[in-house]
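Structure first, commentary second.
The values are calculated or read from the model by the stated rules, or taken from the named source; none is laboratory data. Owing to the predicted nature of the structure, the values given are computational and were not obtained by experimental measurement. All Cβ positions, glycine included, derive from the backbone under ideal geometry; neighbour counts span all protein chains shown.
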Amino acid sequence: MLGLLITFPMLSSCAKLVTNTLIEPTVDNMQYQTDLDLVCEGSAAYLLMIDSMITSKPANKDLLRVGSQAYIGYLSAIPECAISGERLDTVAEKARQYGTRLLAELLPMEPGTDPDTFDQKLDRLGESRVPDLFWGTMAWLSWIQTQQGSPASMADLVTVEKLMERLLELDDEYQSGAVHVFFGAYDATKPEMFGGDPKKSRRHFERALQIGDRRFLLTQTTYAETYARQSFNQILHDRLLQEVLDFPLDEAPEYALSNQIAKKKARRLLDEDFFAE
């Protein structure tokens with residue numbers, strides 16, 4: 001332990017080396033973890049380490065991206081971790097901070113920024129910026145999803161939708177088609193009078209399933225929870241969730257953690273008996 005304490009200040013002065021060789025691989029490898037209880041128990045200490053490193057290097061894009069990714073992952077696991085609502089709010093706010101700070105390294109994010117200037121900068125972003133744009137946007141969206149439709153979050157959602165549209169143009173296959181999952185859920189749950197479109201929703205979900213080869217199971221659970229429920233399609237709803245429950249985790253080890261979460265969510269959605277009269 002003493003050796004670690006002596007070494008850590010030396011590592012923190014070289015953030016890129018630490019991020020590339022220690023932190024980023026750990027975040028990526030977390031997806032291979034199948035023990036959800038272990039993730040729940042160990043995540044807090046890991047997030048504190050990331051917070052400490054970002055405090056030392058507050059404008060480091062690599063660290064902000066990893067921080068955004070880590071907090072998104074923790075937020076997705078929270079429903080299965082028996083964590084209090086107060087902790088959820090704190091984690092969501094930290095995700096928003098890291099996400100918007102990461103985006104601010106790419107785009108003019110200051111209050112009062114001219115919308116045309118923002119749009120022009122966004123249009124100039126190339127494919128090499130997709131990881132930062134994606135994780136920054138998803139971290140911001142994770143916060144919005146915890147706000148239960150507050151006016152501030154709905155105002156932010158307008159910008160998030162614009163960022164997602166740009167990601168769709170740049171690389172719609174990134175992270176197993178996650179951008180399509182966003183638009184699938186968005187078009188399904190938004191009232192048609194405000195631009196919702198069930199047909200577009202289904203096309204997005206089907207495209208995401210194609211991209212992920214039906215191996216990234218959160219696509220199926222989101223498809224069922226949003227489109228299938230909004231359209232009162234019980235056959236599709238139950239088929240998607242049963243597909244998740246029947247899927248062997250070892251067939252997609254790279255998605256083991258998210259698929260474990262999806263399985264627990266699928267069981268919960270089926271147990272809700274949403275279509276009961």
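If you take the residues of region 65-88 that are over 26 Å from ALA266 (Cβ atoms) and not basic (Lys, Arg), which of them is modelled with the lowest pLDDT?
Here is the first cut: in region 65-88, the residues over 26 Å from ALA266 (Cβ atoms) are 65-68, 86.
After this cut, where a residue has to be not basic (Lys, Arg) as well, the list is 66-68, 86.
On the way: VAL66: 90, GLY67: 92, SER68: 94, GLU86: 72.
Ranking the qualifying residues of region 65-88, first place goes to GLU86.
Every residue in region 233-247 that is farther than 21 Å from PHE183 by Cα and outside any helix (DSSP H, G or I), please.
PHE247
Looking at region 182-230 only, could you name the residues that are within 16 Å of LYS265 (Cα to Cα) and among the β-branched types (Val, Ile, Thr)?
THR219, THR221, THR222, THR226
Is it fair to say VAL158 is among the aliphatic types (A, V, I, L, M) and in contact with a helix residue (DSSP H, G or I) (Cβ under 7 Å, 6 or more places away or on another chain)?
Details: among the aliphatic types (A, V, I, L, M): yes; in contact with a helix residue (DSSP H, G or I) (Cβ under 7 Å, 6 or more places away or on another chain): no.
So VAL158 does not fit the description; no.
Say we look at region 102-114 and pick out the residues that are part of a helix (DSSP H, G or I) and in contact with a Ser or Thr (Cβ under 9 Å, 6 or more places away or on another chain); which of these is surrounded by the most Cβ atoms within 10 Å (Cβ to Cβ)? Give the derivation first.
Narrowing region 102-114 to residues part of a helix (DSSP H, G or I): 102-104.
Checking the rest, the ones that are also in contact with a Ser or Thr (Cβ under 9 Å, 6 or more places away or on another chain) come to 102-103.
On the way: LEU102: 30, LEU103: 24.
My answer is LEU102.
Evaluate region 225-232: report whether one residue or more is modelled with pLDDT of 95 or more, closer than 21 Å to ILE72 by Cα and either assigned by TED's automatic domain parsing to the domain that holds LEU125 or not in a loop (DSSP other than H, G, I, E, B) (or both).
yes
With small (Gly, Ala, Ser) and under 17 Å from PHE118 (Cβ atoms) as the only criterion, which of ALA139, ALA155 stands out? Give the derivation first.
On the way: ALA139 fails: under 17 Å from PHE118 (Cβ atoms).
Only one candidate qualifies: ALA155.
Between SER128, SER153, which is among the small types (Gly, Ala, Ser), assigned to a helix (DSSP H, G or I) and within 24 Å of GLU86 (Cβ to Cβ)?
Values: SER128 fails: within 24 Å of GLU86 (Cβ to Cβ).
After applying the criteria, what remains is SER153.
What is the number of the single condition among (1) touching a residue at least 24 places away in the same chain (Cβ under 8 Å); (2) assigned to a loop (DSSP other than H, G, I, E, B); (3) on the phi > 0 side of the Ramachandran plot that SER176 does not meet?
Of the numbered conditions (1) touching a residue at least 24 places away in the same chain (Cβ under 8 Å); (2) assigned to a loop (DSSP other than H, G, I, E, B); (3) on the phi > 0 side of the Ramachandran plot, the odd one out for SER176 is (2).
Scan region 124-146 for residues that are surrounded by 17 or more Cβ atoms within 10 Å (Cβ to Cβ) and within 16 Å of TYR186 (Cα to Cα) and jot them down.
THR137, MET138, TRP140, LEU141, SER142, TRP143, ILE144, THR146
Would you be able to say whether some residue in region 250-260 is exposed (fewer than 14 other Cβ atoms within 10 Å of the Cβ), without any contact (Cβ under 8 Å) to a residue 24 or more places away in the chain and assigned by TED's automatic domain parsing to the domain that holds PHE205?
yes
Would you pick out the residues in region 191-222 that are surrounded by fewer than 21 Cβ atoms within 10 Å (Cβ to Cβ), in contact with a helix residue (DSSP H, G or I) (Cβ under 9 Å, 6 or more places away or on another chain) and not in a helix (DSSP H, G or I)?
GLY195, GLY196, ASP197, ASP213, ARG214, ARG215
Quick one: VAL158 ticks every box in (1) free of Cβ contacts under 8 Å to residues at least 12 places away in the same chain; (2) over 18 Å from the mean Cα position of the chain (by Cα) except a single one, so which number is it?
Among (1) free of Cβ contacts under 8 Å to residues at least 12 places away in the same chain; (2) over 18 Å from the mean Cα position of the chain (by Cα), the lone unmet condition for VAL158 is (2).
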